[in-house]
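Reading through the C-alpha cells given below for one structure.
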Amino acid sequence: METLTPIMPALEAQSAGYIHFVDALQGADFFAAEQALREMADPEKTPLDSAHAALLGRQLGKAGGVLRKISPGFKALSEASTALTKGEVETARAKLLEAADHMAQVARNLHLTELARLAKVQRTFWGVDTNNRAVLWERGGTRVSWQMIEMGMRRIRGGAVEYLPLQRGLLRGDPGVSVRTYRPVGETLVLRLRNSLVLAAIAFVVVMPLALVLGLIAGLNEGKPIDRILSIFGLVTTVTPEFVSGIFLILIFAYWLKLVPGATVFGEKAPWERPDMLILPVATLTLVELGYVLRMTRASMSEVMRTPYIRTAFLKGLPYWRIVFKHAVRNALIAPITVIMLHVNWLVGGIVIVEAIFGYPGLGKYLLEAALFKDFNAIEAGAMVLVTLAVGTQLLADIAYTFLNPRIRYQ
C-alpha cells in the first residue's frame, strides 16, 4: 500500500475523467462528454505518465471504436488511444482536444435538431375537414393520405397528423354520411327500415297465426294422415331456398298468369301505396317461414299432449277441447314463441335474398350494398338497429312467458 500511495491521486483523476465521459455518453449529454474530454486533455487535471497513459489508452480505445460507427469525426479519439498506448502523451492530448471539438459540434447539431422539431410542432394547427372531424394539420407537411371520390380512392399529399371525430354519434341518432351515396345515413336508413317493417309486419301477420294453427292441428293428430301431410309440406318448404321459391312464384304468377307484378319498384313512395307489389314477397316469406314454425309447434304440442297432467285431465273426464285450449296450448306455445321472436329480427334485416330477387328496397338489401362498397357508417348504423331489435324482441318473448306459464315469474 505504501508503494501505491504516490500514484493514487493520478489514478483517481484519470478514472474520474473517464467515468465522467462514459456517464455523459450513456445519458446522451454530449456537452458534458465534451467537457470530460477537455479535462482528460488538460495536464493539470489529468496528469499522465507512461503506465497511466497506457491504461487510459486501452479504455478510450473501446469508446472510440463505438463512436466512430456514429460519426467518422470521432476517429481522433481512436488516434488518441493509439498515441497513449505508445506513450506519446502530447500527441494524445492534441487528439483528445480534436475529439472534444467534434463532440461539441455533434452536441450543437443535435440541439439544433431538437429545436427544429419543437418549431415544427408549433407549425401545426387544428381545423375541421369536410367529414365533420377535428383535424391536426401541419404546415408544409408531406404526409400522404387517401381521399374517397366518386371513382374510388385518390392519393393526396398534405394529410392530417391526427383526427378527432366530431360527429354526434349513433346514440344521438347521427350515424354520419354514407361514403357510397354522400347522403346522410340516417335519412336513408329510416326509409329502408320503414319498408322492411311493412314487409315484415304483413308477413308476420300472415305466417305466424297460420303456422301456429297448422302446427297445433298436426300435433293434436299425431300419426294421422293430416299430420303426415302437414309435416311433409313443412319439411319441403323449410329445405327449399328462398331464391327457388321466389323465382317459381315469379314465373307462375307474374310471367305465366300475369296476375301480380314480379318486381317491387316504389321509388320514394311508401310500400302500402302499391299493395299488389307486396303479394309475391309476402308469399315467398310465407313459404320460407311456415314450415319451420309449423314443425316446431307440432313437436311442442305432441310433447305436451303426452305429459302426465294432460292424461290426468282426460281421466277426470274433462271435455277434449277444454283440455286442449286451457291446459295444453299455453304450454305448447312457449317454444314456438321463442322461435317466432328470433325470426322477427330475421324478417326485418335478414331477408336479403328475398329483397334482392324482387328488388325490394329494404334494410337487408341496404346493408348488403353497404357491405359490398365498404360503407362503414351505413353498416354500423344498420347493425345497431338490428341489435336493438333483437334485444327488444327477446325481452318481449320473456315477458310473454309469464302469461303463458304462471310458474314463470321475474323478480
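Here, each number is a calculation from the coordinates, and none is a lab measurement. Keep in mind that what you see is a predicted model, and the values were worked out from it rather than measured. Ideal geometry is used to build each Cβ from the backbone, glycine not excepted, and the neighbour counts take in all protein chains shown.
Key figures
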{"read-out": "Cα lying deepest toward the dipole's positive end in the stretch 282-411, options A400, Y320, G382, charges on Cβ", "value": "Y320"}
{"read-out": "Dipole moment magnitude, nearest 20 debye, the stretch 211-354 about Cα centre, only Lys, Arg, Asp, Glu C-beta charged", "value": "740"}
{"read-out": "Entries of K224/K258; K326/K365; K258/K374; K224/K326 with Cα pairs more than 32 Å apart", "value": "K224/K258; K326/K365; K258/K374"}
{"read-out": "Largest-first principal axis extents, alpha carbons of the stretch 212-295, Å", "value": "49, 25, 20"}
{"read-out": "Nearest-20 debye value, the stretch 299-411 charge dipole, Cβ charges on Lys, Arg, Asp, Glu", "value": "980"}
{"read-out": "Computed label-point distance, nm, for sites I247 and L210 using a 7 Å Cα→Cβ extension", "value": "2.3"}
{"read-out": "DSSP-loop GluC sites (Glu not before Pro) across the stretch 265-334, with at most 16 other Cβ within 10 angstrom", "value": "E268"}
